[in-house]
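Remarks on the structure that follows.
The values are calculated or read from the model by the stated rules, or taken from the named source; none is laboratory data. Since the model is a prediction, treat every value here as computed from it, not as a measurement. Here the Cβ positions follow ideal geometry from the backbone for every residue, glycine too, while neighbour counts run over all protein chains shown. Just so you know, the surface numbers come from the protein's heavy atoms only, side chains and all, with ligands and any DNA or RNA stripped out. Shrake-Rupley method; radii C 1.70, N 1.55, O 1.52, S 1.80 Å.
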Amino acid sequence: MTALADKIAALIRTAGPISVSDYMALCLFDPEHGYYTTRQPFGHGGDFITAPEISQMFGELVGAWIVSVWRDLGEPRGMLLAEIGPGRGTLMKDVLRTLSQVAPALLAGASVHMVEASPRLAAVQREALRSSPAEIHWHQALAGLPDGPLLIVGNELFDAIPVHQYVRTPQGWRERCVAADETGALSFVHGAGGIDPSLLPPAAADAAEGAIFEASPARSSLMQHIAERIADHSGAALFFDYGHLEPGLGDTLQAVLDHRYDDALANPGRADITSHVDFAALAATVRGAGLIPHLAAQGDFLLRMGLLERAGRLGADASAATRQDLGEAVERLAGPDKMGNLFKVLAFSSASRPPAPFA
Ligand code: SAH
């Protein structure tokens with residue numbers, strides 16, 4: 001058992017079962033034992049590999065997207081270029097290199113901001129970006145960003161924001177909670193609380209007993225904050241994550257430890273814990289702020305942004321081994337059986353023209 005499992009069991013013994021959302025928040029962000037607060041999760045030595053860690057091409061294409069929407073917005077000065085949930089800082093590093101090559105005027109007129117909840121990861125990012133071509137400011141939360149037109153990107157951020165789960169029981173939908181027995185072993189139980197039926201998707205009407213529905217007010221409220229800022233001050237946003245475009249039922253809570261799926265209750269604080277992102281819910285929030293959301297599968301998005309051309313250019317004068325690496329990276333990022341279909345993209349902009357490649 002982990003130290004965090006003991007702490008959670010003690011909390012449950014005094015306060016009663018906790019929601020899946022509170023459990024996830026403790027696993028990821030407990031100040032002493034949380035996954036993001038104490039670990040270096042990403043990369044080959046970590047528990048999982050994310051798109052920017054697979055290939056520099058990912059960040060280069062995000063850079064190309066940023067340049068394109070910046071032009072759509074009329075090349076505003078005083079713009080904030082921000083990333084939220086930057087992990088090891090690799091995406092921003094590739095973006096800044098790209099911008100300094102293809103759009104130095106953008107960088108000269110912008111300030112660069114990293115929004116990172118984990119002080120430990122912020123320190124890793126500072127190190128990774130030490131020789132970056134721009135001055136960079138760090139913030140622990142979005143509210144710390146100064147006012148101004150905002151171009152913001154994020155990869156695998158929303159999956160790490162806690163979700164609530166609801167289970168269909170003979171008594172109706174009940175919140176799924178985490179309980180602890182006298183030995184401290186954690187298990188799922190049905191809590192007393194229910195859910196406003198208007199929040200359930202159509203499929204919930206004839207769901208079988210045991211069916212699960214996930215809802216994340218925390219994700220929606222973060223997206224609302226971002227979209228409202230962009231509606232008020234102009235700007236654009238681009239988010240990548242695994243998830244679904246249609247609302248539906250299903251238990252997508254997943255723990256990953258050392259590149260393998262793990263029992264979600266077995267190693268709190270040691271395993272990464274996430275759930276699939278409901279892109280329909282995020283898109284509805286963007287629409288609520290008066291902006292038009294654009295959705296695509298990651299593979300489609302990257303191919304339309306020029307992934308194959310970029311790989312071709314990088315491979316032109318390279319060794320056979322490098323060309324093979326590039327081919328494998330293209331496959332992993334965009335292949336329908338790899339990240340291409342499972343991962344989705346949500347993009348929106350306050351400009352009159354839809355953002356690339358949706359224009
Ligand atoms: N984007 C990186 C890391 C993804 S993991 C990559 O693709 O490799 C999720 C990241 O989001 C971590 O850096 C985590 O600390 C951060 N994070 C989670 N919730 C956050 C929040 N509410 N605000 C800012 N950062 C957050």
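For a quick check: with amide H placed at 1.01 Å from N, whose amide H comes under 5 Å from V277's, ignoring anything fewer than 5 positions away on the same chain?
Long-range HN contacts for V277: Y242, G243, H244.
Checking the a/c ratio against 1.5 first, then a/b against b/c, what shape does the Cα gyration tensor give for the stretch 201-359? Present the calculation step by step, with values, prior to reporting the outcome.
Numbers: a/c = 2.10, a/b = 1.18, b/c = 1.79.
Oblate shape, in that a/c is at least 1.5 and b/c is the bigger or equal ratio.
Between helix 90-102 and the chain, what is the angle of the helix's C-alpha long axis to the longest principal axis, kept within 0 to 90° and rounded to the nearest 10?
Tilt of helix 90-102: around 20 degrees.
Taking the chain as the reference, fit the longest principal axis to its C-alpha atoms, fit the long axis of helix 20-29 to the helix C-alpha atoms, and give the angle between the two in degrees, 0 to 90, nearest 10.
Helix 20-29 sits at roughly 50 degrees to that axis.
Note the angle between two axes, namely the Cα long axis of helix 3-15 and the longest principal axis of the Cα atoms of the chain, as a number of degrees from 0 to 90, rounded to the nearest 10.
Approximately 50 degrees, to the nearest 10.
When only alpha-carbon atoms are used, what values of Rg and Dmax, in angstrom, describe the chain?
Radius of gyration, then largest Cα-Cα span, for the chain: 20.9, 66 Å.
Size of the dipole of the chain about the Cα centre, Lys and Arg at +1 and Asp and Glu at -1 on the beta carbon, nothing else charged, in debye to 20?
800
For A211, list long-range residues whose amide hydrogen, built 1.01 Å from N in the peptide plane, is under 5 Å from its own amide hydrogen.
Under 5 Å from the amide H of A211: R168.
Please calculate the 1.4 Å probe accessible area of W138, with all protein chains present, and give it to the nearest 10 Å².
Accessible area of W138: about 50 Å².
On average, how much accessible surface per residue is there in the stretch 245-328, in Å², for a 1.4 Å probe, leaving out ligands, DNA and RNA?
50
DSSP loop (so not H, G, I, E, B), at most 12 other Cβ within 10 Å: list which trypsin sites (Lys or Arg not before Pro) in the stretch 41-103 pass both filters.
Within the stretch 41-103, the qualifying trypsin sites (Lys or Arg not before Pro) (loop, at most 12 other Cβ atoms within 10 Å) are R77.
On average over all directions, what projected area in square nanometres does the stretch 91-216 have, based on the convex hull of its Cα atoms? Mind dumping the intermediate values first?
Working: hull surface 50.7 nm².
Mean projected area for the stretch 91-216: 12.7 nm², to one decimal.
If you place +1 on the Cβ of every Lys and Arg, -1 on the Cβ of every Asp and Glu, and leave all else neutral, what size is the dipole of the stretch 193-323 about its Cα centre, to the nearest 20 Debye?
Details: 9 positive and 17 negative charges, 135 e Å.
Around 640 debye, computed over the stretch 193-323.
Tell me which GluC sites (Glu not before Pro) from the stretch 183-289 have a DSSP coil assignment and no more than 14 other beta carbons within 10 Å of their own.
Details: sites: E209, E214, E228; in loops: E209.
Filter output for the stretch 183-289: E209.
Let me check against my output: what whole-number percent is the relative contact order of the chain, with C-alpha pairs under 8 Å and at least 6 apart? Please report the intermediate quantities before stating the final value.
On the way: 697 pairs, mean separation 75.7, N = 359.
Contact order relative to length: 21 percent.
Check V189: other-chain or 5+ apart residues with amide H under 5 Å from its amide H, H built from backbone geometry?
Those qualifying (amide H under 5 Å, at least 5 residues apart or on another chain) are C177, V178, A179.
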